[in-house]
Amino acid sequence: MAETGHEESPFNIHPMDQFEVKSLFGGDIAWYTPTNVTLWMGLAVLATVLLLVVGTRGRALVPTRTQSVAEMIYGFVRNMIEDIAGKDGLKYFPYIMTLFMFILFTNVLGLLPYSFAVTSHIAVTGVLAMAVFLTVTLVGLFKNGVKFLSIFWISDAPLALRPILALIEIISYFVRPVSHSIRLAGNMMAGHAVIKVFAGFAGALGIGAVAPIVAIMAVYGLESLVVVIQAYVFTILTCVYLKDALHPGH
């Protein structure tokens, strides 16, 4: 008689299970259900408030370590906006700073054991990217009017090629939120999946898992850099898109 069940192999690793959205209190998930995504996004917001509000409330002349970190991040984002979008872009500093801090903390918190990588979900990064896309588009239209459409018309190109180039520019413009969101989600998902695979090998091999453990350490170190770089890349692309909206002729 054939066996009705089999023991699960220790090498039966499921790296994608860590990205499953789960209700915090069990049961079905609806739009109002608190989930692990809700929890870790809330913790990211809390961490941002603790660093930028609570950590700098003293405004000491000789700053504390927390205040120094907050001031360093503040100056970094401010200089990035000014260098890319110009002084006109500083008007949108609060939005870009909030965006950078939220992505940074969700990425960093996602590296903690038993945490959840919020930005590995396209539903989250897609909303962030679409918000950026709509914001810069509306800013460009309200600030420049019809002149904003000049970003699609390459006046330096030969006249015969301009309609073709305009079509390409329009397609690339509306693809921006897709590439903007997939880049962040894909990098976060790939890194966490690789760590989970090596962790599964380490658990299966037991005391002989020297190579997987070394690999985990190496990938984890790399991922620690990636989470910061991806927050930077998302933000700097936002600044580039804002520059196009503010100065469509450049």
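So the values come out like this:
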{"read-out": "Relative contact order of the range 33-246, pairs being alpha-carbon contacts under 8 Å that are 6 or more residues apart, as %", "value": "28 percent"}
{"read-out": "Phi to ³J(HN,Hα) by Karplus 6.51 cos²θ - 1.76 cosθ + 1.60 over the range 28-45, Hz, x for Gly, Pro", "value": "6, 9, 10, 5, 9, 6, x, 10, 5, 5, 4, 4, 6, 5, x, 5, 5, 5"}
{"read-out": "Candidate lysines - alpha carbon under 17 Å from Lys87, same-chain residues fewer than 8 apart omitted", "value": "Lys143, Lys243"}
{"read-out": "0 to 90° range, to nearest 10: angle between helix 122-144 axis and the chain longest Cα axis", "value": "10 degrees"}
{"read-out": "Among Ala218, Ala193, Ala30: highest mean-square fluctuation, GNM of the chain, C-alpha pairs under 10 Å", "value": "Ala30"}
{"read-out": "Read-out Rg/Rh (Cα atoms, Kirkwood Rh), derived from the coordinates shown; its label in (i) 0.98; (ii) 0.96; (iii) 1.07", "value": "(iii)"}
{"read-out": "Cα gyration tensor category, rounded, prolate or oblate, for the range 36-161 with a/c compared to 1.5", "value": "oblate"}
{"read-out": "With Cα atoms, 0 to 90° folded angle of helix 162-205 axis to the chain main axis", "value": "20 degrees"}
{"read-out": "For Thr35, residues with placed amide H under 5 Å, excluding near neighbours", "value": "Leu24"}
{"read-out": "Loop-exposed GluC sites (Glu not before Pro) per DSSP, neighbour cap 14 Cβ within 10 angstrom, longest uninterrupted part of the chain", "value": "21-250"}
{"read-out": "Rounded to 10°, Cα long-axis angle of helix 65-85 versus longest principal axis of the chain", "value": "50 degrees"}
{"read-out": "Highest-first arrangement of 233-243, 90-100, 170-180, where packing means the average Cβ count within 10 Å", "value": "233-243, 90-100, 170-180"}
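Bear in mind these aren't lab numbers, they're just calculated from the coordinates by the rules spelled out. A quick note: this is a predicted structure, and the numbers were derived from the prediction, not measured. Counting neighbours? That spans all protein chains shown, and the Cβs are built from the backbone with ideal geometry, glycine included.
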